[in-house]
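Asker: My questions all concern the structure below.
The values are calculated or read from the model by the stated rules, or taken from the named source; none is laboratory data. Just so you know, these numbers come straight off a predicted model, no measurement behind them. Don't worry about glycine lacking a Cβ; one is built from the backbone with ideal geometry, like all the others, and counts go over all protein chains shown. Remember, those area values only see protein heavy atoms, side chains included, never the ligands or the DNA or RNA. Shrake-Rupley method; radii C 1.70, N 1.55, O 1.52, S 1.80 Å.
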Amino acid sequence: MKAPLLRPTFTVPLDLPRAEAVEEIRRRLVAREDLAGRWRGKGRWFDLFVPDPARRLWSPHLSVRLDEDGSRSSVFGRFAPHPEVWTFFMFLYFLLAFVVLFGATLGYVQWASDEPAWGWWTVGVGVPILLLIHVSSYVGSRLGQTQMRELRGILDEVLDGLTDESSVHRRPVLNPPARTRRRGAPRSWRRS
């Protein structure tokens, strides 16, 4: 089983210049009544959200930015946890990293001074907690995959007809559902 990506990204080239693409995408988002309250944007950035009744701690949001690419434009999308969840996780990472480094330094100083090195305990306790937080972010990404597919589907519907189908540069962002996954060698290895 392939591990989910943390904060997966994708890029979709568009046939329109950026200013026109921004206006057209905004018009399409406003026209969709089912998206009322599920998106917000300013300028060339906008975010799509999971509806409140379905939102959980692990629920993603899709952050979208329109970039200029000569006379054309492209959509850059990134799935991420909600900002308050992301901020909390980063706070925990930095706090625990500080405690582990402080404890390691204290433990070394105690050891070098021939005193009981109880500071090393913070390393022994802090590192597994850091690993647990990291693993929980992968679990959250796995739990939110269905909602990521839903948000990506909404974006694809909004972008319908605006994309340059001949040069789509999409990176795989999600694992396919288990029931549709093919077994065996990749297509590129198979003979015709």
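Asker: Just the number: Rg to Rh for the stretch 1-110, Cα atoms, Kirkwood Rh, two decimals.
Answerer: On the way: Rg = 19.7 Å, Rh = 16.9 Å.
With Rg and the Kirkwood Rh in hand, the quotient comes to 1.17.
Asker: If contacts are Cα pairs under 8 angstrom and at least 6 residues apart, what is the relative contact order of the stretch 38-176 in percent? Can you show the working numbers first?
Answerer: Working: 138 pairs, mean separation 27.2, N = 139.
Here the relative contact order equals 20 percent.
Asker: Under a 1.4 Å probe, what is the accessible area of the stretch 18-88 per residue, stated in Å²?
Answerer: Values: 4150 Å² over 71 residues.
Ligands and nucleic acids excluded, the figure is 58 Å² per residue.
Asker: Follow-up question, since we're still on this one. Modelled label-to-label distance, W118 and R65, 7 Å Cα→beta-carbon offset: nm?
Answerer: My value for the distance between the label points is 4.8 nm.
Asker: If I model a spin label as a point 7 Å beyond the Cα along the Cα-Cβ vector, how far apart are those points for L95 and R78 in nm?
Answerer: Spacing of the two 7 Å Cα→Cβ label points: 2.4 nm.
Asker: I'd like the accessible area for I133: 1.4 Å probe, protein heavy atoms, all chains in place, Å² to the nearest 10.
Answerer: Near enough 20 Å² of accessible area.
Asker: At 1.4 Å probe size, with the rest of the protein present, what percent of the exposed accessible area of the stretch 42-98 is carbon and sulfur atoms?
Answerer: Carbon plus sulfur share of accessible area: 67 percent.
Asker: Please list, by residue number, every one of the chymotrypsin sites (Phe, Trp or Tyr not before Pro) in the stretch 98-153 that is coil in DSSP and has at most 12 other beta-carbon atoms within 10 Å. Write down the numbers at each step before the final one.
Answerer: Values: sites: F98, F102, Y108, W111, W118, W120, W121, Y138; in loops: W118.
Sparse-neighbourhood loop chymotrypsin sites (Phe, Trp or Tyr not before Pro): W118.
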